[in-house]
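The values are calculated or read from the model by the stated rules, or taken from the named source; none is laboratory data. Keep in mind that what you see is a predicted model, and the values were worked out from it rather than measured. Quick reminder, even Gly has a Cβ in these numbers, built from the backbone with ideal geometry, and neighbours come from all protein chains shown. When the accessible area is computed, the model is the full protein with side chains, heavy atoms only, and any ligands, DNA or RNA have been set aside. Shrake-Rupley method; radii C 1.70, N 1.55, O 1.52, S 1.80 Å.
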Amino acid sequence: MTMEKKYKISYNENNVQGSVAYILVKEFDLTPNILKAEIEGDGTGKMVLSVKGEPDVIDRGIQRIQDAGYNVIPLCSHITRDDSKCWDCGACVSLCPTHSLRVDPETFEVNLGIETCIACGACVNACSVHALKLVL
Amino acid sequence: MAKTYEEINERIRSRKAVVYTAEEIMEVVKKKGIEKAAEEVDVVTTGTFGAMCSSGAFLNFGHATPPIRMTDILLNDVPVDGGLAAVDTYVGATSLTKDPKGGYGGAHVIEDLIAGKSVHLHASGPGTDCYVRKEIDTYISLDDINEAYLYNPRNCYQNYGIATNTSGRTIYTYMGKLLPRMKNATYSSAGQLSPLLNDPHCDTIGIGTHIFLGGGEGYVSWQGTQFKTTPEEVNGVPVGGARTLALIGDMRQMDAKYVRGLDITGYGISMAVGVGVPIPILNKDILQRCCITDEQIYAELTDYSLPSGRSCMQRYNYAELRTGSIEYEGRKIRTSSLSSYSGARKVAGELKSWVENGEFELVKPIRALPREAKLKSLTEEWM
Ligand code: SF4
Ligand code: SF4
């Protein structure tokens, strides 16, 4: 059974970000997806990565990344939305860095795509009816 | 050929009225041409569902035995007005509980009452010879009080601005959460569906106009507060907030889906209300104005990090705003609507079905709204 897990990975100038995805694909046949990446001027940076695959393979892949000197923190929080409260105002849409909150161009309803959410929390206090919550 | 209200109502009663929403009408006119469409179409329905702080409700609790003249009144811990007669009150939408972090205010009390919930009433008064009681603590619901009607001094802003933030920190405003360095911008009009953008000079909307208010029926009671006719027009509609409507309606008919208490972070409480106004197609000029599209309606981008004197940075039309981003000086700014376009569509659609089913007739206004009005500012007097 495949599953998806998300991690926050910090790196420095000695371990470039690209090789993380490379290792996970080549050595473990996992499907990584970089949801967000930030590189500072000094070569250090952070990224949020989602990894799809068999749970034990994901664990081994992540262990390998840690052994390679990256700092890896699993993202265990995620966003939930109480759809019965949401009134489709759209206030949250422009705050989401990963475009996980989108307006449907046909119905103009606001949809939440949980797969790309990096649990940054930016949308939570923009919602006037407290429909969005970060759950740990 | 011009139609009259009576002719349209006759067709509504016999369920023959031809009704379209302000979105649907454009296609109809494109297909049939304005002359033919003006003859065939009876009513165009509009809708809006956005935040409007200038909202509230009048309630009469009924008298207890022995009776009390209430001066300090709390509903679910929200202070409401004690400055009316013994058991009358006005629940202002933005009134807040003592603990401002609660995120609960007058608008939520109104939403809860409409949803059929019971609300905690705690009131005290001075105790007089005619009203001997000094305190009461009980629960009320819409079933056990007398009158309960929404009275919103200002709703349906004709158009409104676009807010952004050029400063280096996130600001929290009534126009929502604005990220630093113009990372986003917010706007709030329903554009082509909005009542006062489809009848921009209030040729048909006036005092007495029968409307959809919060899921029930209501009326336009007066011009709204801050009504003005001075903003510049582009394509026949103002580019900023101009005309507004004061609205009244029976809370018992309403649906809590269309009357929502809002807690706007860093600002306070507001209320979202679904409002729909039917426009009688009395002649082709009125129909022509209902054909306005989002491409033709402009709003002005301003910087909300400035405390005052926010001048226009650039104009954008609603079709651009609804794409999710706009460009300013070569950079992309992401956009958010603050009012629900899907909600506005539902309002216009529901009102359309009421009219089609003969359940809702039009009322000819008993008086027109002001043709010209300017806005005054508050000045400080120095001794
Ligand atoms: S927490 Fe909210 S803003 Fe952040 S990525 Fe998830 S949906 Fe987008
Ligand atoms: S801000 Fe809240 S109510 Fe508005 S669209 Fe987003 S989740 Fe829905």
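For this structure, a couple of remarks:
- Criterion: within 14 Å of chain B (Cβ to nearest Cβ), open to solvent by less than 70 Å² (accessible area, probe 1.4 Å), within 13 Å of ligand 2 (Cβ to nearest atom) and of a type in the set (A, V, I, L, M, F, W, C) - qualifying residue of A:95, A:112: A:95
- Lone qualifier among B:295, B:381, B:300, B:350 - being touching a residue at least 24 places away in the same chain (Cβ under 8 Å) and not in a helix (DSSP H, G or I): B:300
- Taking the range B:124-175 and the strands (runs of 3 or more DSSP E) fully enclosed by it, no element has 3 or more residues that are surrounded by 19 or more Cβ atoms within 10 Å (Cβ to Cβ) and at positive phi.
- Tabulated pairs, the range A:123-136, first facing another protein chain (nearest Cβ under 9 Å), second surrounded by fewer than 14 Cβ atoms within 10 Å (Cβ to Cβ) and modelled with pLDDT of 95 or more, C-beta under 6 angstrom, 6+ apart or interchain: A:129/A:85
- Count of the range A:89-115 residues which are more than 21 Å from residue B:333 (Cα to Cα) and within 10 Å of ligand 1 (Cβ to nearest atom): 2
- Residues of the range B:239-259 that turn out to be in a strand (DSSP E or B) and either touching a helix residue (DSSP H, G or I) at 6+ places or on another chain (Cβ under 6 Å) or open to solvent by less than 20 Å² (accessible area, probe 1.4 Å) (or both), as a count: 5
- Any hit, the range B:100-122, residues being farther than 25 Å from residue A:87 by Cβ, in a loop (DSSP other than H, G, I, E, B) and touching a residue at least 12 places away in the same chain (Cβ under 8 Å): no
- When residue A:104 is tested against (1) away from every other protein chain (no Cβ under 11 Å); (2) acidic (Asp, Glu); (3) more than 14 Å from the chain's Cα centre (by Cα), only condition (1) is not met.
- Just one of the listed residues (B:230, B:204, B:166, B:173) is closer than 30 Å to residue A:96 by Cα, more than 14 Å from chain A (Cβ to nearest Cβ) and β-branched (Val, Ile, Thr), namely B:166.
- When residues of the range B:353-366 are limited to those that are part of a helix (DSSP H, G or I) and not aliphatic (A, V, I, L, M), the one nearest to the other protein chains (Cβ to nearest Cβ): B:353
- Within the range B:328-347, residues that are at the interface with chain A (Cβ under 9 Å from one of its Cβ atoms) have Cβ atoms under 8 Å from residues that are of a type in the set (Asp, Glu) and surrounded by fewer than 19 Cβ atoms within 10 Å (Cβ to Cβ) in these pairs: B:333/B:327; B:342/A:109, counting only partners at least 6 apart in sequence or on another chain.
- Residues located in the range B:179-205, provided they are under 20 Å from residue B:166 (Cβ atoms), small (Gly, Ala, Ser) and either open to solvent by less than 10 Å² (accessible area, probe 1.4 Å) or in a helix (DSSP H, G or I) (or both): B:185
- Filter result for residue A:129 (more than 10 Å from ligand 1 (Cβ to nearest atom) and touching a Phe, Trp or Tyr at 6+ places or on another chain (Cβ under 7 Å)): yes
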